[in-house]
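First the structure, in the form of structure tokens, and then the observations on it.
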Amino acid sequence: MKELVFNAYSNYAKYLWKEITNPAWNNYFYWLIGISLVFFGFELLRPWRKDQPKFRKDFWLDGFYMFFNFFLFSLVIYYAASEIVVDWFHQLLGFFGIENLIAIRIGSWPVWSQLLVLLVVRDFIHWNVHRLLHRVPWLWEFHKVHHSVEEMGFAAHLRFHWMENVVYRVLEYIPLAMIGFGIKEFFIVHAFTTLVGHFNHSNLRVPLGPLKYIFNNPQMHIWHHAKKMPKQHRYGMNYGLTLSVWDYLFKTACIPHDGRDIPLGFHGMKKFPKSFIGQSIYGFRRKRRARHKTDSAKD
């Protein structure tokens with residue numbers, strides 16, 4: 001066990017150092033920084049909300065969240081823990097004589113079809129997990145970190161509690177393990193969804209035409225962050241992360257009007273911590289609730 005933990009930390013530390021010291025097109029560290037700078041540049045040149053400060057409220061806090069959630073958290077906690085859990089899980093499967101979970105091998109398919117299947121399956125899982133973050137009271141307490149954004153910009157995409165990483169990865173593991181995909185395909189899909197996530201939260205207006213029914217966009221996603229929710233969507237709406245099609249199919253899509261200047265956040269924001277440490281421990285200190293109060297569920 002000690003050797004497994006040590007190797008997990010050591011291997012990820014080596015990977016992260018290699019990412020930092022070896023810039024390349026498939027280097028996620030520099031890819032994330034690069035697309036962040038591109039969106040920041042577009043927001044400076046053609047902002048949707050022209051009166052919003054160029055360095056909006058909590059901009060630097062969100063920047064820290066970017067490096068913590070995408071890199072430091074993996075090094076400190078997640079990577080080693082996931083290595084151990086996956087090892088135990090495979091041992092459990094072996095006990096029942098199951099060598100692997102792969103039900104559909106898509107590795108021999110054309111690359112475009114592999115990417116499409118992975119994108120659609122992964123995004124549908126994430127859409128459902130996102131709904132859980134709003135409907136399950138104790139998960140909502142962690143998800144409040146993301147909804148504490150008061151001025152929208154690309155970096156708001158990066159502000160979320162590390163517990164969300166755990167929830168998403170745990171619930172997506174088995175479904176994704178059942179289709180055989182390569183690490184390169186996973187990287188491409190992950191990079192693409194990161195780009196769309198930046199776009200969804202950006203201070204930009206880009207008319208998509210009919211594509212708005214397929215891809216999420218700032219004019220749709222800003223309503224997900226609205227402080228006041230319509231009565232028929234008291235737990236939230238527009239849950240799509242990359243694809244908007246799920247919300248239109250399952251009747252959770254709602255764009256009442258142009259939401260450029262709507263108040264963002266949730267009721268009770270004044271009592272919500274403003275620092276990274278305070279936000280990190282908030283969900284653990286809150287009392288678990290049997291159900292949402294109407295005002296706290298408006299996100």
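The values are calculated or read from the model by the stated rules, or taken from the named source; none is laboratory data. Just so it is clear, the model here is predicted, and its values are computed rather than measured. Heads up, the Cβs are rebuilt from the backbone with ideal geometry, glycines too, and the neighbour counts pull from every protein chain shown.
Side notes on the structure shown:
- Filter result (hydroxyl-bearing (Ser, Thr, Tyr) and in contact with a strand residue (DSSP E or B) (Cβ under 8 Å, 6 or more places away or on another chain)) within segment 212-259: THR242, SER244
- Residues (under 25 Å from ILE33 (Cα atoms) and over 13 Å from the mean Cα position of the chain (by Cα)) located in segment 145-171: SER148, VAL149, GLU150, GLU151, MET152, GLY153
- Residue that is surrounded by the fewest Cβ atoms within 10 Å (Cβ to Cβ), among those in segment 20-33 that are outside any loop (DSSP other than H, G, I, E, B) and in contact (Cβ under 8 Å) with a residue 24 or more places away in the chain: TYR28
- Conditions (1) in a helix (DSSP H, G or I); (2) at pLDDT 90 or above; (3) buried (at least 17 other Cβ atoms within 10 Å of the Cβ): number failed by PHE160: (1)
- Check on PHE215, of a type in the set (Phe, Trp, Tyr), without any contact (Cβ under 8 Å) to a residue 40 or more places away in the chain and surrounded by fewer than 14 Cβ atoms within 10 Å (Cβ to Cβ): no
- Residue in segment 126-138 that is farthest from TYR282 (Cα to Cα), counting only those that are surrounded by 18 or more Cβ atoms within 10 Å (Cβ to Cβ) and without any contact (Cβ under 8 Å) to a residue 60 or more places away in the chain: VAL129
- Of all the listed residues (ARG205, ARG169), the sole one being within 23 Å of PRO263 (Cβ to Cβ) and either in contact (Cβ under 8 Å) with a residue 12 or more places away in the chain or not in a helix (DSSP H, G or I) (or both) is ARG205.
- Taken residue by residue, segment 178-201 has at least one member that is over 15 Å from ILE33 (Cα atoms), at pLDDT 80 or above, surrounded by 19 or more Cβ atoms within 10 Å (Cβ to Cβ) and in contact with a Phe, Trp or Tyr (Cβ under 7 Å, 6 or more places away or on another chain).
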